[in-house]
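The values are calculated or read from the model by the stated rules, or taken from the named source; none is laboratory data. The structure displayed is predicted, hence computed values, not measured ones. When we count neighbours, we look across all protein chains shown, and the Cβ atoms used for this are built from the backbone with ideal geometry, even at glycine.
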Amino acid sequence: MIDNKSIKDLPMPIFAKVRYHAWLLDDMQPALEFTDQGYFNQEELGIEVSGQSTTYSKLTDDLIRQGVILMSMQDAQQRHQQLVKKLIGSVIPNNLDRLAAQNFNAFNTGIFLYIPDNTQIKHVLHLTLNHLSVTGKDFIARIFVYVGQNVTVDMMQLIHSADLEKSKASVVIEVLAATGAQVNYANVDAFSQKTTGYINRQANVGDHATVDWSNVSFNDGNVITKLESRLNGEGATSHVGVIALTHKKQTQGLVTEVRNTGRHSVGHIFQRGVILNHSALIFNGIGRIIKGAKGSDAQQESRVLMLSHHARGEANPLLLIDENDVTAGHAASVGRVDEQQMYYLMSRGLTEKVARKLVIRGFMGQILAKMPTKAARQAVIDEIERKLQYEGN
């Protein structure tokens, strides 16, 4: 634990071009909310934690026999105290910045997943967090995922909040991928318009391990999101895919970073954003190659599609290279819908509204295709449809 005075002395995290300090994200009161009602698909493997309640949990007997641990963070702290204490904060230090420290001190809900070495997993694991937003107090949650050596796993993670009372949210997600692990981590962030949020996802990637992210930032409220892969091992790999859609008057600011520390590591960032109405979307992409990471590759591409003259969009790439024997590059653009594409589609009999939907879906198609289930892909498509209803507002 860090005392409150020391937390206040820590700097706020940097989100370039995003004015978020007035959101008061460093001033939160954790909610205590319980329910017996969940929203989970009862046929899927995984867990749903709603407030402080576990509203769904399912693992196969085979996974339990192999030693997989999947439970709420509260249960894990009671039943696996030493393991949780050892792992929490090992990826994201508790003194990294003021918001990370606040989360470390105050989280009272979340999910803990531990997959031992050489475990065989045949199905997608679903991790769902629900902020009930009943009391008006704040959601402070932690997710920790440990993936052991030579494990291959697909995960689908959802963060959701009810649109009831105005509140704030802080969610920190740590992923630790051991030697040879292969992790496909897809997520959909869907905080409501009344939730102002801070999300910090980071992974440590070991020797010849891979952590691939498919990050869907479809929040309705003002949210800042940090997503980082640290390629610590030799031959470590991370492909970071991000799609974001903003509407109405909201602001979303994202910092996406890959840090190449291990030799022959590969880190690629691919971001697509769509902006509607009077909203703002800021992509900050950072590729770092540390001295000694010979033979590494760092690439990034960020594109923002603006569907309103009143919106603000930015794509800010940054490469920080401290090694000669590497490859690196970046591309960024902010523009409007391709009128030739629109003309082609409408000349085939489609209305302008339908043509625009197809263009946007195609623009985000590379990340959509990586969603681990058909249901997840359809949920993202449905969210695109819902937000486009406000396009003319």
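Looking only at the range 104-115, decide whether some residue is within 27 Å of Asp36 (Cα to Cα), polar (S, T, N, Q), modelled with pLDDT of 95 or more and part of a loop (DSSP other than H, G, I, E, B). So far as the range 104-115 goes, yes, one or more of its residues are within 27 Å of Asp36 (Cα to Cα), polar (S, T, N, Q), modelled with pLDDT of 95 or more and part of a loop (DSSP other than H, G, I, E, B).
The set of residues from the range 309-323 being at pLDDT below 95, surrounded by fewer than 18 Cβ atoms within 10 Å (Cβ to Cβ) and not in a strand (DSSP E or B) comprises His309, His310. Just one of the listed residues (Gln82, Gln102, Gln29) is out of contact with any Ser or Thr (no Cβ under 6 Å at 6 or more places or on another chain), of a type outside the set (Lys, Arg) and buried (at least 18 other Cβ atoms within 10 Å of the Cβ), namely Gln102. Residues in the range 301-342 that are touching a helix residue (DSSP H, G or I) at 6+ places or on another chain (Cβ under 9 Å) and closer than 25 Å to Ile289 by Cα: Arg303 alone. Taken together, the residues in the range 34-73 that are on the phi > 0 side of the Ramachandran plot and among the charged types (D, E, K, R) amount to 0.
The residue pairs whose first member lies in the range 365-393 and is more than 17 Å from Asp154 (Cβ to Cβ), whose second member is assigned to a helix (DSSP H, G or I) and at pLDDT 90 or above, and whose beta carbons are closer than 8 Å, counting only pairs six or more residues apart or on different chains, are Ile381/Leu368. Considering the conditions (1) within 30 Å of Gln120 (Cα to Cα); (2) touching a Gly at 6+ places or on another chain (Cβ under 9 Å), Phe34 is excluded by exactly one of them, (1).
Could you go through the range 250-272 and let me know if any residue there is modelled with pLDDT under 95, touching an Asp or Glu at 6+ places or on another chain (Cβ under 9 Å), over 20 Å from Tyr198 (Cα atoms) and not basic (Lys, Arg). No: zero hits. I'd like to know if the range 121-137 contains one or more residues that are out of contact with any strand residue (DSSP E or B) (no Cβ under 6 Å at 6 or more places or on another chain), outside any helix (DSSP H, G or I), free of Cβ contacts under 8 Å to residues at least 60 places away in the same chain and over 21 Å from Glu43 (Cα atoms). No, there is no match, as no residue in the range 121-137 is out of contact with any strand residue (DSSP E or B) (no Cβ under 6 Å at 6 or more places or on another chain), outside any helix (DSSP H, G or I), free of Cβ contacts under 8 Å to residues at least 60 places away in the same chain and over 21 Å from Glu43 (Cα atoms).
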